[in-house]
Amino acid sequence: MCAPSVRAPSSLLLAGAILAGTALSGQAEARPRAARPGTATVAVDYGVNLAGLPIGTARLAGSFEGSKYRMDVSAVLTGIAGAITGGQGSARSAGIIAAGPQPNAFAIATRTSHSGIAVRMALARGNVTQSEVTPPLLDTGDRVPVTAAEKRGVIDPASALMMPAHARGELTDPENCNRTLPVFDGATRFNVVLSYAETRTVEKPGYSGPVLVCNARYQAIAGHRADRPGVRFMEENRDMSVWLAPVDGTRVLVPMRIAVRTTIGTNIIEATRWTHSGNGATAAAPSAVASLGE
C-alpha cells in the first residue's frame, strides 16, 4: 500500500492507511497512559512486511476509561522503502463505547517525500458533523458521491481497530468475529465484513493466549472511483484476514495480525510486542455488549 486510504481503497483491511504501506508514523510516539482506577491501556508494536520483506513498523495505543476510549496509531516506513518515500504519519480517535465504537473526533496526517495529506472529522454518536481533507481531493467527476445518509452510523479507521465484544461469553467467542465495520475516512465510505475462520493460540512478548482469526471482505460504498482497477481488485480479494486478541480488563479486542493480499505480494502487519496495564475494570458496561454493525 502506498497511498492514504482517502486516495486508495487498497489501503489495508481495517485501517490500512494507518498501519500499513502509507506508514503513518507519529509526530510523537504513541504510548499507553498509566492506568488509573477504572482504566485499562494496551500498546501493541507491529512489524510491517510486504511480500516477505520488512518495510516498516507501527504502533497502536489504546486507553479505556469506563465507556470512554482513545486510540492512537502511528507507523513509519523504514529501510529502502523509507529512504525512497519518507512515508510517515499518525492518527488519533476518541469517543465512547456503546453498541460499538461511537467516535466524536478523528484526525490523521500522513507525509511522504513528495506529498502529504490530513483529515479531520467531528462526529456525534457516530454521525459525521464536519469533515475536512487537506489538500482537497481532485474533482475527477467519476467518484461515487458520498451522501449525508452514508455519513451516519459510521466509525473512523482508527476506531475500527478497537472492536467491542458483542457476545456475552468469552472474548474469544467465535461470534465476536462476525460483524460489519462501516468505515468513513473523511472521503470514502466502505465496509469491512468480518467472519469467523478459526481460533489459534499465539505467543508474543507480553501476550500468550488465544486469538480469533477472522476472514475479511472489502465493500466499496461511496467516495471511490468505481472504474479503478484497485477498487475491483479489493472487492474481489479473498485473501484478507485479521487476528483479534482480547485486552485484559475490558470487553474489547484489538488486532494481533492483519494480512492483505496486494497486487505486489501479501502485506502483513504482525505484533512484535504487547504491553497492557489496568486494574481489572471493564471498559464497556454489560448493556453495551451488543452487535456492531448489525
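The values are calculated or read from the model by the stated rules, or taken from the named source; none is laboratory data. Since the structure is predicted, the reported quantities are computational estimates derived from the model, not experimental observations. Here Cβ is always computed from backbone atoms with ideal geometry, including for glycine, and neighbour counts include all displayed protein chains. Note: areas computed on protein heavy atoms with side chains; ligands, DNA, RNA excluded. Shrake-Rupley method; radii C 1.70, N 1.55, O 1.52, S 1.80 Å.
Looking at VAL202, VAL231, VAL192, which one is closer than 17 Å to MET162 by Cα, touching a strand residue (DSSP E or B) at 6+ places or on another chain (Cβ under 8 Å) and open to solvent by less than 30 Å² (accessible area, probe 1.4 Å)?
Of VAL202, VAL231, VAL192, the one residue that is closer than 17 Å to MET162 by Cα, touching a strand residue (DSSP E or B) at 6+ places or on another chain (Cβ under 8 Å) and open to solvent by less than 30 Å² (accessible area, probe 1.4 Å) is VAL192.
Take ASN104 and decide whether it is closer than 21 Å to ARG189 by Cα and free of Cβ contacts under 8 Å to residues at least 24 places away in the same chain. Spell out the reasoning first.
On the way: closer than 21 Å to ARG189 by Cα: yes; free of Cβ contacts under 8 Å to residues at least 24 places away in the same chain: yes.
Taking the combined requirement at face value, the residue satisfies it.
Quick test for you: out of GLU132, GLU150, pick the one residue that is touching a residue at least 40 places away in the same chain (Cβ under 8 Å) and over 30 Å from ARG251 (Cα atoms).
Residue meeting the stated conditions: GLU132.
For the stretch 260-272, give me each residue that is open to solvent by 10 Å² or more (accessible area, probe 1.4 Å), at pLDDT 95 or above and in contact with an Asp or Glu (Cβ under 9 Å, 6 or more places away or on another chain).
THR272, the sole residue that qualifies.
Just to confirm my filter: which strands (runs of 3 or more DSSP E) fall fully inside the stretch 166-236 and include at least 2 residues that are in contact (Cβ under 8 Å) with a residue 12 or more places away in the chain and hydroxyl-bearing (Ser, Thr, Tyr)?
189-204, 207-222
If VAL242 satisfies every condition in (1) under 20 Å from ALA58 (Cβ atoms); (2) among the β-branched types (Val, Ile, Thr); (3) free of Cβ contacts under 8 Å to residues at least 12 places away in the same chain but one, which is the exception?
In the conditions (1) under 20 Å from ALA58 (Cβ atoms); (2) among the β-branched types (Val, Ile, Thr); (3) free of Cβ contacts under 8 Å to residues at least 12 places away in the same chain, VAL242 misses (3) alone.
Count, please, the residues in the stretch 111-165 that happen to be assigned to a loop (DSSP other than H, G, I, E, B), among the hydrophobic types (A, V, I, L, M, F, W, C) and closer than 26 Å to ARG70 by Cα.
The initial filter retains those residues of the stretch 111-165 that are assigned to a loop (DSSP other than H, G, I, E, B), namely 112-115, 125-126, 135-142, 144-148, 152-154, 156-158, 162, 165.
Subset that is among the hydrophobic types (A, V, I, L, M, F, W, C): 137-138, 144, 146, 148, 154, 158, 162, 165.
Next, only the ones that are closer than 26 Å to ARG70 by Cα stay: 148, 154, 158, 162, 165.
Of the residues in that region, 5 qualify.
So ARG120 passes all but one of these: (1) modelled with pLDDT of 95 or more; (2) more than 11 Å from GLY186 (Cα to Cα). Which condition number does it fail?
(2)
Based on this model, can you work out whether ALA99 counts as part of a strand (DSSP E or B) and among the aliphatic types (A, V, I, L, M)?
no
Residues checked against (1) out of contact with any strand residue (DSSP E or B) (no Cβ under 7 Å at 6 or more places or on another chain); (2) open to solvent by 40 Å² or more (accessible area, probe 1.4 Å); (3) over 22 Å from TYR218 (Cα atoms):
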{"site": "PRO101", "(1), (2), (3)": "no, no, no"}
{"site": "THR112", "(1), (2), (3)": "yes, yes, yes"}
{"site": "SER131", "(1), (2), (3)": "no, yes, yes"}
{"site": "LEU138", "(1), (2), (3)": "yes, yes, yes"}
{"site": "VAL144", "(1), (2), (3)": "no, yes, no"}
{"site": "ARG152", "(1), (2), (3)": "no, yes, no"}
{"site": "PRO157", "(1), (2), (3)": "no, no, no"}
{"site": "PRO164", "(1), (2), (3)": "no, no, no"}
